[in-house]
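K.L.:
Pasting in a structure now, in structure tokens, and then I'll have a few things to ask.
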Amino acid sequence: MKIGGFLKQSLIDFPGKIASVIFTSGCNFRCFYCHNAELVLPELILENQFIDENEIFAYLKKNKQLLDAVVITGGEPTVQPNLVEFIRKIKELDLLVKLDTNGTNPENIRQLLADNLVDFIAMDIKSPLKLEKYQEIVGDQFSSAQLNSILESIELITKSNIKFEFRSTLVKPYHSFNDIQDMVNSIEEDYYLQEFRESKILNPNGKNLHSFNRDEILKEIDLSSNKTHVKFR
């Protein structure tokens, strides 16, 4: 595993649990608002020293009585070829596992669910589930095959028996109110709309980027009784 960062203890990354957080290096997206550029851009990844996974497991074994869980985030964890076996070793320590993912590798998700290796999945929805919209956010390299993979991952996750959530970071001018409405309508489960924070972002694109606020979203889009799954962060 290419591990670019390790947070020994967090109270916010796994709801209701005390967790260590592992940050994997490498990602197949180039979201301009990403705040972990050093885990995404190859030229920055090369400047960082990877953390030996043996050090991670030594810490987890020593402190597992003080922890409930491990969160694996990135970057994009599912681009790691040995992710499943890495998580299997964590589960052998009787710790819960939460995976943060963009959903482009449903094969990983399917195996993790089938083998009961993951307890919580948080999946990012970048835009309305349309090819051109996704390309605006994650880069022109995004393909129709990847979009189909994302749709497959959504189905796998929603039909699972574990905890999960979907979430979107909203950024003006890339997201419109129509986009938000479309996104809300496409997700029928727990869905978090997250505020964009402009700090250390991967690529500002020379545009004047702004966040949405909760009040304007509530005013402009339909969150009627069948949309009570939508929450704000």
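K.L.:
Taking interchain pairs and intrachain pairs at least six residues apart, which have beta carbon atoms under 7 angstrom, with the first residue in the range 146-174 and in contact (Cβ under 8 Å) with a residue 40 or more places away in the chain and of a type in the set (A, V, I, L, M, F, W, C) and the second assigned to a helix (DSSP H, G or I) and surrounded by fewer than 17 Cβ atoms within 10 Å (Cβ to Cβ)?
P.N.:
Qualifying pairs under 7 Å: LEU156/ARG110.
K.L.:
Scanning the range 100-143 for residues that are part of a strand (DSSP E or B) and touching a Ser or Thr at 6+ places or on another chain (Cβ under 8 Å), which turns out surrounded by the most Cβ atoms within 10 Å (Cβ to Cβ)?
P.N.:
THR101
K.L.:
Out of the range 144-162, which residues are crowded, with 17+ Cβ neighbours inside 10 Å and either more than 14 Å from PHE29 (Cα to Cα) or out of contact with any Phe, Trp or Tyr (no Cβ under 9 Å at 6 or more places or on another chain) (or both)?
P.N.:
The answer is SER149, GLU152, SER153, ILE154, LEU156, ILE157.
K.L.:
Between ILE125, ILE121, which is closer than 18 Å to PHE23 by Cα, of a type in the set (Val, Ile, Thr), within 18 Å of the chain's Cα centre (by Cα) and at pLDDT 95 or above?
P.N.:
ILE121
K.L.:
I need the helices (runs of 4 or more DSSP H) fully contained in the range 1-97, keeping only those with at least 3 residues that are surrounded by 20 or more Cβ atoms within 10 Å (Cβ to Cβ).
P.N.:
Hits in the range 1-97: 83-91.
K.L.:
Identify all residues within the range 72-114 that are under 21 Å from GLU38 (Cβ atoms) and of a type in the set (Asp, Glu); write none if there are none.
P.N.:
Answer for the range 72-114, where residues must be under 21 Å from GLU38 (Cβ atoms) and of a type in the set (Asp, Glu): GLU76, ASP100.
The values are calculated or read from the model by the stated rules, or taken from the named source; none is laboratory data. Treat the numbers as computed from the prediction; the structure is a model and nothing was measured. Positions of Cβ are backbone-derived with ideal geometry, glycine not excepted, and every protein chain shown enters the neighbour counts.
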